[in-house]
Amino acid sequence: MVRYARVSSLFAEVPCSELAYRPISGSVIAFVVVICLAIQAPVGEPRCAVNVSEEVSLTKVRRFSSLTSGKGPVCGRFICRFRPGAAKTMIFMLLCLPPCSQAFAGAAPTELQQAQQCVILLHGLARTAASMKTLQSELETHGYRVVNHDYASRKHPIQKLAQTAVPEALANCVDADAVHFVTHSMGGILVRAYLAQAELEQMGRVVMLGPPNQGSEVVDHLANLPGFGLINGPAGKQLGTAEDALPKSLGAVNFELGVIAGTRTLNPLLSQLLPNPDDGKVSVAATKVEGMGDFIALPVSHPLMMNSALVIEQVLAFLQNGRFQRNE
């Protein structure tokens, strides 16, 4: 039987058996155990503070819960945070830190790993690095050095963007032993275009969020309409589904890749142009590419998926283990 220590009935529960202690005397350990048992919660699986719906961003969760101190990992669909206040909570925080067990695949790397691994974030078409801020924050919390690179996605064709944006980002990771990429939408096509022409000695893993790896039927239908080029630039017109369109011309990938697709839409009109299921911009089928190592579809939409707790949990899992986390 595993007992769990309750840290305030409103906020967090963690297993006493998985707490990390500093070297201390037997009497102090005994006292800590007594405290844990005195404020124990019912037996069950470890739980965290807030039940996060699929597309609620971590930033919103923090605001909603008035979570004012510390940072914790994503545990399944929950975000571990602590709100000091009650005497029991304070006693537990002093004696039983760290607050959350590393009970999921995306656990924080060691300090040595932190110094060695660099993660490059590449946003999508007509977006900026600000769209990846929540993801950046969570990756940094888990010990990764993060380069959230901004580039002018609507100014140039994809080939030129790949030749400029990716090397600019890589310049910030020259001393890293491993360089990972996490991309949203067209950012994944930039990585494919770059790696089709260049080799990266420190190449790590790649996670693509909603990538149009086979193009998007939305582009097929709308690319020739007035204003499309103004809004999406020359790169946007390259994302169609024709066999000679750029996404399909890049061929199979030869790097360790995990793809996350969305199955919810915020734009039902655009979804009418897509094979279902889709995320409002790209169909689930079109996100897949030959050579990918793992794939998962989640109930998230295209423009918001990078802020989803579900997605961030899977990003961490793939970067750490080379596969997505599944409850089997």
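Among the candidates Val300, Val289, Val311, Val315, the residue that is assigned by TED's automatic domain parsing to the domain that holds Gly204, within 18 Å of Met132 (Cα to Cα) and part of a loop (DSSP other than H, G, I, E, B) is uniquely Val300.
Residue by residue through segment 132-183, note down the ones that are charged (D, E, K, R), touching a His at 6+ places or on another chain (Cβ under 8 Å) and under 23 Å from His302 (Cβ atoms). The one that is charged (D, E, K, R), touching a His at 6+ places or on another chain (Cβ under 8 Å) and under 23 Å from His302 (Cβ atoms): Asp150.
Tell me, which helices (runs of 4 or more DSSP H) wholly within segment 114-199 include 2 or more residues that are assigned by TED's automatic domain parsing to the domain that holds Lys281, modelled with pLDDT of 95 or more and small (Gly, Ala, Ser)? Step through it out loud before you land on a result.
Values: elements: 133-141, 158-170, 186-195.
Ranges flagged: 158-170, 186-195.
Residues of segment 165-208 that are of a type in the set (Val, Ile, Thr) and surrounded by 15 or more Cβ atoms within 10 Å (Cβ to Cβ): Val166, Val179, Val182, Thr183, Ile189, Val191, Val206, Val207. Among the candidates Leu319, Leu274, Leu298, the residue that is farther than 17 Å from Val207 by Cβ, surrounded by 20 or more Cβ atoms within 10 Å (Cβ to Cβ), hydrophobic (A, V, I, L, M, F, W, C) and in contact with a helix residue (DSSP H, G or I) (Cβ under 9 Å, 6 or more places away or on another chain) is uniquely Leu274.
The criterion of being more than 24 Å from Ser301 (Cβ to Cβ) and surrounded by 16 or more Cβ atoms within 10 Å (Cβ to Cβ) does not hold for Val282. Scanning segment 223-238 for residues that are aliphatic (A, V, I, L, M) and in contact (Cβ under 8 Å) with a residue 40 or more places away in the chain, which turns out farthest from Thr265 (Cα to Cα)? Per the stated criteria, the residue is Ala235. Of all residue pairs spaced 6 or more apart or on separate chains, those with beta-carbon atoms under 7 Å, a first member in segment 119-139 that is in contact (Cβ under 8 Å) with a residue 24 or more places away in the chain and within 12 Å of His149 (Cβ to Cβ) and a second member that is assigned to a strand (DSSP E or B) and polar (S, T, N, Q) are Leu121/Asn148; Leu122/Thr183; Met132/Asn148. Scan segment 196-215 and give yes if some residue there is of a type in the set (D, E, K, R) and touching a Pro at 6+ places or on another chain (Cβ under 8 Å), otherwise no. No; the residues of segment 196-215 include none that is of a type in the set (D, E, K, R) and touching a Pro at 6+ places or on another chain (Cβ under 8 Å). Taking the criterion of being touching a strand residue (DSSP E or B) at 6+ places or on another chain (Cβ under 7 Å) and surrounded by fewer than 17 Cβ atoms within 10 Å (Cβ to Cβ), the only residue of segment 136-158 that qualifies is Glu140.
Being under 22 Å from the mean Cα position of the chain (by Cα), within 24 Å of Thr128 (Cβ to Cβ), at pLDDT 95 or above and crowded, with 23+ Cβ neighbours inside 10 Å: is that true of Val218 here?
Working: under 22 Å from the mean Cα position of the chain (by Cα): no; within 24 Å of Thr128 (Cβ to Cβ): yes; at pLDDT 95 or above: yes; crowded, with 23+ Cβ neighbours inside 10 Å: yes.
When the stated conditions are applied, Val218 does not pass them.
Listed by first and then second residue, the pairs with beta-carbon distance under 6 Å, at least 6 apart or on different chains, first residue in segment 258-283 and without any contact (Cβ under 8 Å) to a residue 40 or more places away in the chain and under 15 Å from Ser185 (Cβ atoms), second outside any strand (DSSP E or B) and among the polar types (S, T, N, Q), are Thr265/Ser271; Thr265/Ser301; Leu266/Ser301; Asp278/Ser271; Gly280/Thr265; Gly280/Asn267; Gly280/Ser271; Gly280/Ser301.
The values are calculated or read from the model by the stated rules, or taken from the named source; none is laboratory data. What you see is a predicted model, and the numbers here were worked out from it, not measured in a lab. When we count neighbours, we look across all protein chains shown, and the Cβ atoms used for this are built from the backbone with ideal geometry, even at glycine.
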